[in-house]
Structure formats: structure tokens, C-alpha cells
Amino acid sequence: MGSGPDEQHLIDAVRAAAGVLRAAGPLPPASENVLRFAVRDQLRAVGLGDVGHEQSKITGGWSPVPGNLDLYTPKVRPHRWALEAKVWDVDQQIWDAIKLAAGIAHGDLRVGYLLAAAPPTAFAHYDGAELYAPGTHAHSVWTLLDANPRAWQHLLDGGAGRPTEVPTDFSATLLVDEWCWFGHRVRLVRIECVADKAAPTLRFEDGWPVGMNGRAAVAAAKARPRRRGDDALGLLVGRWTDAWWEQQRHDGVSRDQFEALYGLLLLRRWTDADIRLRVPAPPGCAPAWWNATGAHR
């Protein structure tokens, strides 16, 4: 269902867009728009001109239905595929995955895709990271929300859309995992589910699956240890000190670890300018623009 020329065009477009964005400098403002339009432009460059953006919605399984689809083809329904893109906000793709699964179930699209650019720390430890695991994995919507109730409550608080009846499960397959902007990986995931009205569904009430106590799930999640946010590809980054960094440089840090460290510090709300000023790069680890002035996030 997800294989074929459409998917290969999309994979190639994501990889090409990642290369273009990587060469352009640090993470720019309005980065989600930059990401999805870079992919759209690469699709158009290979002749796939019938790519729409933000002018179509799914039609069922939610009330109100959630916001417009980021990218899709063709521009009229039914779409052969639709894609939702995020930068940093891996947890928000829980919402996107359920939205795409509902769209498949209601015939709005045949296959969905999640696209995210984020530091490795986010893909490893943020809520929703399980959607981006290597390989193909089946996901129960109930289990996904039960494991990530705080993220789900935050999503409900931030949008008017509400699931009403969606597929009980879907599969996620990682297709692309490459460096993008410095400090960021870009990952593309295929979302599939059974497009059959007779397939099992999960009913919702007030934003939560029927039978799940959302308030209790959130309270239980708050009592659990916090998810880690200190791992930069094996380099553990606790409370920052310049002396700690000098010791790490002395002991040896790989290029990938330095890049992951840069992304982790961005997640901690350091600016690009702060990092370049305070974090001397190990030899051969910095990008070409490191010592030049440029756009800062």
C-alpha cells in the first residue's frame, strides 16, 4: 500500500530537501514551513506538480475535524498520500498519526506520512518517540495514549479537534533517517491502517478513549520519573559548565556527538549565537558557517 513510485519520489524529495537545508545554515525561523515547502519544491522538481498544501482536511472520525493537511497529492480527494510535518514537536505527531489513520479509514487518503526534523535527543526521549523507531511497528491507539497522557492532554488543550471514532491501531515504518539542519535529524515515517468500514474502531468521549480515565492517566504519568533529556548520542549532558565541556573535548567527542550536543542545547533554549560563543567546536566537527555571522534561531 505504501510502496511504489509515489513513495520513492517522496523519499528522494525528503533526502534532497535535507541536503539543501543542511547547506543553508542553522535552523531558520518558521522552520516547519521551510521544511515542508522544501520537500514540496523537491517533489515539483521531479515533475510531481500536483502537490497541495493546507487546503484539504480529513472528513471523518473527528468532531470537529482537525486542521488542514500539510502536504498531499493529488490536490483533490481522495489523496494518494498526505503528510504532516513538525520541527522539534515529536509529541505532536501522536495527534498527526491518529488524524492520518482516521483519514485513511474514511477514504480521504490511501497512506499517510509523518515528517519530523529534531535533534537526536528528541527522537530518543520525547513523548511520541516510539512512532519514529527503526523498522515497522504496530501501534495501538489506546496504548499510545496510555503511555503518553501528558502529551495528549497538552494537545487537547491546544486544539479544538476531537477524535470520535478512529482505527484501533495502525502501523508505522521508518523510511528516512538523515542529518538535516546542523544538530537535527530528519525522519520520514509511513502510517498505514486497514481502510475498511468493518475494521475495529476505538470510540472517544471528551478527547479520551471510552473507558480511559484521562485525568487519572495524566496524574499517574506525573508521578513517574521524567523522560531523559540529557543524551546526545551517548554524550550525557547534565548541568552545563564550561569546565565540563573542556574535559569532554579533552577526552574526545565524535562529530555526531558534537552535532547532537548542539541540537540538545537548542532544545534547552540556548540560541545558535550562544552555542557558537560558549561551546568551542572540536577540530573538524563544526559546519562551514560556524565562525561566520548569520541567522540565529
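Bear in mind these aren't lab numbers, they're just calculated from the coordinates by the rules spelled out. All figures in this text were calculated on a predicted structure; none of them were measured in a lab. Don't worry about glycine lacking a Cβ; one is built from the backbone with ideal geometry, like all the others, and counts go over all protein chains shown.
Annotation: peptides 250-257, 34-41, ranked by per-residue average of other Cβ atoms within 10 Å with the highest first, follow the order 34-41, 250-257.
Modelled this way, with points 7 Å down the Cα-to-C-beta line, the labels at residue 224 and residue 250 are 4.0 nm from one another. If both residues of a DSSP beta bridge must be in the chain, then about 80% of such bridges are antiparallel. Between 0 and 90 degrees, the angle of helix 31-45 with respect to the longest Cα principal axis of the chain falls at about 70 degrees. Cross-link reach is defined here as a Cα-Cα straight distance under 30 Å, omitting same-chain residues fewer than 8 places apart; for residue 57 the lysines meeting it are 75, 86, 99, 197.
Among 238-248, 22-32, 114-124, 62-72, sorting by the average number of other beta carbon atoms lying within 10 angstrom of each residue, highest first, gives 114-124, 62-72, 22-32, 238-248. Here the Karplus relation 6.51 cos²θ - 1.76 cosθ + 1.60, evaluated at θ = phi - 60°, turns the backbone of the stretch 8-24 into coupling constants of 5, 4, 5, 4, 5, 5, 5, 5, 5, 4, 4, x, 5, 5, 5, 7, 7 Hz, with x for every Gly and Pro. Cβ crowding within 10 Å, taken as a proxy for footprinting-reagent exposure, orders 58, 94, 275 from fewest neighbours to most as 275, 94, 58. Highest-first packing order for the peptide set 95-107, 170-182 is 95-107, 170-182, based on the mean count of other beta carbon atoms within 10 Å.
Compared with the dominant principal axis of the Cα atoms in the chain, helix 93-105 is inclined by about 30°.
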